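All remarks here apply to the structure that follows.
The values are calculated or read from the model by the stated rules, or taken from the named source; none is laboratory data. Only a predicted model underlies this, so the values are computations on that prediction, with no experimental measurement involved. A quick note on method: Cβ atoms are made from the backbone with ideal geometry, for glycine too, and the neighbour counts reach across all protein chains shown. These area figures cover heavy atoms from the full protein model, side chains too; ligands, DNA and RNA do not enter into them. Shrake-Rupley method; radii C 1.70, N 1.55, O 1.52, S 1.80 Å.
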Amino acid sequence: MPNLPKHILVIRLSAMGDVAMTIPVIRAFTQQYPEIKVTVLTRAFFVPFFRDLNNVEVFPVEVKGKHKGFLGLYKLSKELRKIDVQAVADLHNVLRSNILKLFLFGKPFIQIDKGRKEKKALVSGERFEQLRTTHQRYAEVFNELGFKLDLSSPTFPKKVALKKHLNVLLSDSRKNIGIAPFAAHKSKMYPLDLMLKVIDQLSENYKVILFGGGRKEIEILNGVESKFDNVINAAGKLSLNEELDVISNLDVMLSMDSGNAHIAAMLGVKVVTIWGVTHPFAGFTPFNQPKDYTLMADRSQYPKIPTSVYGNKYPEGYEKAASSIEPKTIVDRIKSII
């Protein structure tokens, strides 16, 4: 491949779920093009996501530090030129990466098509149909750089052998179910009172490990842990590396349409997702998961779903749309999987 770049810069700065969605695509790339070096420009916090990828290095960007603002991005571009990047796969396509495009003039710089018009038509009700997934859109960027990617036969890392202090979180005699009950917006969450019913039923036969982040979520999950046997709260107790280790050993993850779903999926874990005012048609389904692993709010009751792509906009009364999914439906789906 004499005409193809030998060193590619991949840009995806945030958010957590979007960065996690790059992993299956980059893994496929490194397996299908093992001679090509990849440098990923992302936030330092996300470095553990890339830990098992061959020929991949992470270049941590300091968007609130030395790389802040126009001058900071200019400094960043000079640093990137020193590592001899030959082409750029921009999987973010935001103002920061557009400025970098100006500074890295002369290098092939392909940017993701986020499908904004298609998504606008979807949430307006003009078109209700499956759009290209984010994973497909990521792969298209590499395709345009000359690297045809096949995502149809993915591989995943092996379960991590847990250290003693992590192994106590899981059960040897029961199946282990992760539950991540939070999302960025309330409209994407399953109501806590109903989630408690799910946890109550699942904890009778399985070990339940709770995931979340932030002081308020940790306090809530500590309270949940105290109510049930066979339930433990992992939130606030683990580093990101340790959290990935634990998640890799789950039998199934139950998550909202949020970052934890994509983290579990990138590790090859089975993921059941609950959808409130958002919808899988927008393209954010976790990687390599069957359609029946997605549990959606009842559109006969909430016909305007999806009300937005990210769940930040919705009509009055839609904030509890996910409550139209019965706890029994969730429990039965998980039982059928494990």
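Name the strands (runs of 3 or more DSSP E) wholly within segment 28-103 that hold at least 2 residues that are touching a residue at least 12 places away in the same chain (Cβ under 8 Å) and within 30 Å of V246 (Cα to Cα)? So that I can check it myself, show each step before the final result.
Values: elements: 37-43, 56-61, 87-90.
Passing ranges, in order: 37-43, 56-61.
In segment 192-212, what residues are in a loop (DSSP other than H, G, I, E, B) and surrounded by fewer than 17 Cβ atoms within 10 Å (Cβ to Cβ)? Step through it out loud before you land on a result.
Here is the first cut: in segment 192-212, the ones in a loop (DSSP other than H, G, I, E, B) are 203-206, 211-212.
Scanning segment 192-212 gives E204, N205.
Can you pull out the residues in segment 136-149 that are in a helix (DSSP H, G or I), of a type outside the set (G, A, S) and open to solvent by less than 10 Å² (accessible area, probe 1.4 Å)?
Here is the first cut: in segment 136-149, the ones in a helix (DSSP H, G or I) are 136-144.
Next cut, of a type outside the set (G, A, S) only: 136-138, 140-144.
Of everything in segment 136-149, those that are in a helix (DSSP H, G or I), of a type outside the set (G, A, S) and open to solvent by less than 10 Å² (accessible area, probe 1.4 Å) turn out to be R137, Y138, V141, F142.
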Taking segment 41-95 as the region of interest, how many residues are touching a helix residue (DSSP H, G or I) at 6+ places or on another chain (Cβ under 6 Å) and of a type in the set (A, V, I, L, M)?
-> 6
Identity of the residue in segment 108-130, assigned to a helix (DSSP H, G or I) and open to solvent by 40 Å² or more (accessible area, probe 1.4 Å), that ends up nearest to V85 (Cα to Cα) | R116
All but one of (1) open to solvent by 10 Å² or more (accessible area, probe 1.4 Å); (2) farther than 23 Å from E129 by Cβ hold for D298; which doesn't?
-> (2)
Return yes when P181 is closer than 27 Å to V25 by Cα, buried (at least 19 other Cβ atoms within 10 Å of the Cβ) and not aliphatic (A, V, I, L, M) and no when it is not.
-> yes
Please specify each residue of segment 2-27 satisfying the condition of being touching a residue at least 12 places away in the same chain (Cβ under 8 Å) and in a loop (DSSP other than H, G, I, E, B).
-> N3, L4, P5, K6, R12, L13, S14, A15
Restricting attention to segment 314-338, which residues are among the basic types (K, R) and modelled with pLDDT of 95 or more?
-> K328, R333, K335
In segment 111-161, which residues are touching a Lys or Arg at 6+ places or on another chain (Cβ under 6 Å) and either touching a residue at least 60 places away in the same chain (Cβ under 8 Å) or closer than 23 Å to Y302 by Cβ (or both)?
-> A121
Looking at segment 9-30, which of its residues are modelled with pLDDT under 95 and open to solvent by less than 10 Å² (accessible area, probe 1.4 Å)?
-> none
So, first residue over 23 Å from Y310 (Cα atoms) and in contact (Cβ under 8 Å) with a residue 60 or more places away in the chain in segment 187-215, second residue β-branched (V, I, T) and not in a helix (DSSP H, G or I), Cβ within less than 7 Å, six or more apart or across chains; the pairs are L202/I177; L202/V208; Y206/I177
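Being of a type in the set (D, E) and either surrounded by fewer than 17 Cβ atoms within 10 Å (Cβ to Cβ) or without any contact (Cβ under 8 Å) to a residue 24 or more places away in the chain (or both) is the filter here; which residues of segment 301-338 pass it? Outline the logic, then answer.
Applying the first criterion (of a type in the set (D, E)) to segment 301-338 yields 316, 319, 326, 332.
The answer is E316, E326, D332.
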Scan segment 131-182 for residues that are at pLDDT 95 or above, more than 20 Å from A87 (Cα to Cα) and small (G, A, S) and jot them down.
-> S152, S153, G178, A180
